[in-house]
Amino acid sequence: MNYRVLIAGDRSSAGKTTVSMGLMANLKDNGYVVQPFKVGLDYIDPSYHSFITGRPSRNLDGLLMKDDIIKDIFFDATKDADISIIEGVRGLYEGYSALSDIGSTAQIAKILKTPVILVIDARSITRSVAALVKGYQSFDPEINISGVILNHLGSKRHGEKAEEAINEYTNLEVLGLIPRDKFTGIKMRHLGLVPAIEGEITDKNFSTTVENIKRLIADYVDIDKVVSIAKSAKNIDNYRKNGSIESDTIFTRSPQPKKIKIGVAMDEAFNFYYYDNLYLLDNAGAELVYFSPVHDRKLPDVDGLYIGGGYPEFYAEELESNKSMLTSIKKFCEKDKPVFAECGGLVYLMDKMEIKNDEYSFVGLIDGYSSMNRDRRIVNYVLGKFIEDSIIAKKNDEFIGHEFHRSIAFCNEKTYAINLTRGEGIKDGRDGVMVHNTLATYTHLHAASFLPFSKNFVESCKIVAI
């Protein structure tokens, strides 16, 4: 079936996340099986998609992933879905370069032949909205912009004038006129929205906020017309030369029975995981066992650990006070069991974290500390090469990844597995500190773009488990 539509913004904060969430919630209520996607390497928006639809939201990134990989992910995710909502990133044409669409929402729209609905921040403009729409249409004729939603409108008359201008000067239909609205606001912090898993645990009004967003979109957007646009999407050809859409993909499951167990830290402090990383580990033969560094007293019985990113700085007191878990993790690492830690996991494995005038003791495996005492936020694509064999890669393996943090690490360790040619890493363009059989990085890797990750990690666990 592959009905699909892409919700793009004219800029960041245009409202595409609110619109996407509201559409997903209403479509689900109307009986559709809704498959969500997010363009780019965001962790947080997909957590809301998944909360609303009950299905894993999948990331699509045209810089990291080849076209066939993007189609692999799309077809794998949609095989039992009725309709897909793809949320864009930043402005429609923003990407890796000023002179190409690589890494942009527009690139994904073209690869997946998906009609686009443009969400415009119409704050303080009326006739100029038509000029904006015409510019977006003419900028890349390959992009099928099929409708417009105007957001942040100050009054009914404001919306009417803007719609009148669009009707007069363009061939596009206005599908929604959304007023400025405060009661749907989801809490923000320095890396974006508060993740859905955390909101569920810590915010008693979380479900009400999501319900308010659903009602807002139902009241001000023509959802039937959105569905009609989704149904107009062109078929995507069978892109496999020597196989089929159903087989010969990166998601082909290992025939080996699951014997290896990998513990995955998952709670309000650690929840930044690309779904495909976990999915591909499962496909490679790992049984994933989830645990909470905040709430559990010790590790489960596992052969390896995966400690992803998140917001350990907001739960530093709880993490520090859970002494038995800190001890359990340190002893596990000191037994040379395979451990992969990304970003928040990296700082958790260090001696301590500084936050303003306070210090919090953490695992103490990595000699050094992290600090939150700066205003700079690091959000980068990174390019790198492994200069040492590690639990997830071999020497000379190259990758494109992502940095997403505000902390800075002061690390005294000498052995690093990664050299970066783009990005900051831990120190002087080096990343991937190695201690015992632990690899800890600021770089986030997407397993669908770096395929050795899952197979090597599972194999590393098998070697130690024998």
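A short reminder: the numbers here are calculations on the coordinates, not readings from a lab. What you are looking at is a predicted structure, and each value in this text was computed from that prediction instead of being measured. Methodologically, a virtual Cβ is constructed for each residue, glycine included, from the backbone with ideal geometry; neighbour enumeration extends over all protein chains shown.
Numbers below:
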read-out: Mean Cβ count within 10 Å, highest first, over the residues of peptides 314-323, 361-370; value: 361-370, 314-323
read-out: Antiparallel bridges, percent of DSSP beta bridges restricted to the chain (to nearest 5); value: 40
read-out: Amide H contacts under 5 Å for Ile102, placed H, 5+ residues apart; value: Tyr96, Ser97
read-out: Distant-in-sequence amide H partners of Asp397 (H built 1.01 Å from N, under 5 Å); value: Phe386
read-out: Calculated from backbone phi, Karplus (6.51, -1.76, 1.60) coupling profile of region 293-310 in Hz, x at Gly/Pro; value: x, 7, 9, 6, 8, 7, 6, x, 7, 9, 9, x, 10, 10, 10, x, x, x
read-out: Taking the convex hull of Cα positions in region 203-360, its mean projected area over all directions (nm²); value: 14.9
read-out: √(5λ) per eigenvalue of the Cα gyration tensor, the chain, largest first, Å; value: 39, 25, 20
read-out: Per-bin percent of Cα-Cα distances, region 1-81 [5 Å]; value: 3, 15, 25, 28, 19, 10, 2, 0
read-out: Between helix 67-78 and the chain: long-axis angle, C-alpha atoms, 0 to 90°, nearest 10; value: 80
read-out: Entries in Lys134/Lys156; Lys110/Lys394; Lys38/Lys352 that, when Cα-Cα distance is taken, lie over 29 Å; value: Lys110/Lys394; Lys38/Lys352
read-out: Neighbour-count ranking [beta-carbon atoms within 10 angstrom, fewest first] of Phe51, Phe74; value: Phe51, Phe74
read-out: The chain: calculated mean residue ellipticity at 222 nm from DSSP helix runs of at least 4, using -39500 (n - 2.57); value: -9500 deg cm²/dmol
read-out: Kirkwood-based Rg to Rh ratio, region 98-173, C-alpha trace; value: 1.01
read-out: Long-range HN-HN contacts of Phe410 with modeled amide H, under 5 Å; value: Tyr369, Ser370, Ser371
read-out: Likely footprinting exposure, Val433, Val464, fewest C-beta neighbours within 10 Å first; value: Val464, Val433
read-out: Nearest-0.05 FRET efficiency for Lys156 and Leu383, computed from C-beta distance (R0 45 Å); value: 0.35
read-out: Contact order relative to length of region 3-231, as percent, for alpha carbon pairs under 8 angstrom and 6 or more apart; value: 24
read-out: Protection proxy ranking of 300-312, 338-350 - average other beta-carbon atoms within 10 Å, highest first; value: 338-350, 300-312
read-out: Residues Val19, Val435 arranged by fewest to most Cβ contacts within 10 Å; value: Val435, Val19
read-out: Considering only region 3-231, percent of DSSP beta bridges that pair antiparallel, nearest 5; value: 10
read-out: Karplus (6.51, -1.76, 1.60) ³J(HN,Hα), θ = phi - 60°, over region 437-449, in Hz, Gly and Pro reported as x; value: 10, 9, 10, 10, 9, 7, 6, 9, 9, 9, 5, 6, 9
read-out: Taking N as its residue count, the alpha carbon Rg of region 6-52 over 2.2 N^0.38 Å; value: 1.13
read-out: Fraction of the pair-distance distribution of region 3-231 above 23 Å, Cα-Cα pairs, percent; value: 44
read-out: Order by protection proxy (mean Cβ within 10 Å, highest first), peptides 372-381, 7-16; value: 7-16, 372-381
read-out: Region 260-465 - Rg and Dmax from Cα coordinates, angstrom; value: 15.4, 45
read-out: Potential lengthening between Ser292 and Arg123 on full extension [0.36 nm per residue; Cα-Cα distance subtracted]; value: 56.6 nm
read-out: Crossing angle, helix 156-169 versus the chain [Cα axis fit, 0-90 degrees, rounded to tens]; value: 80
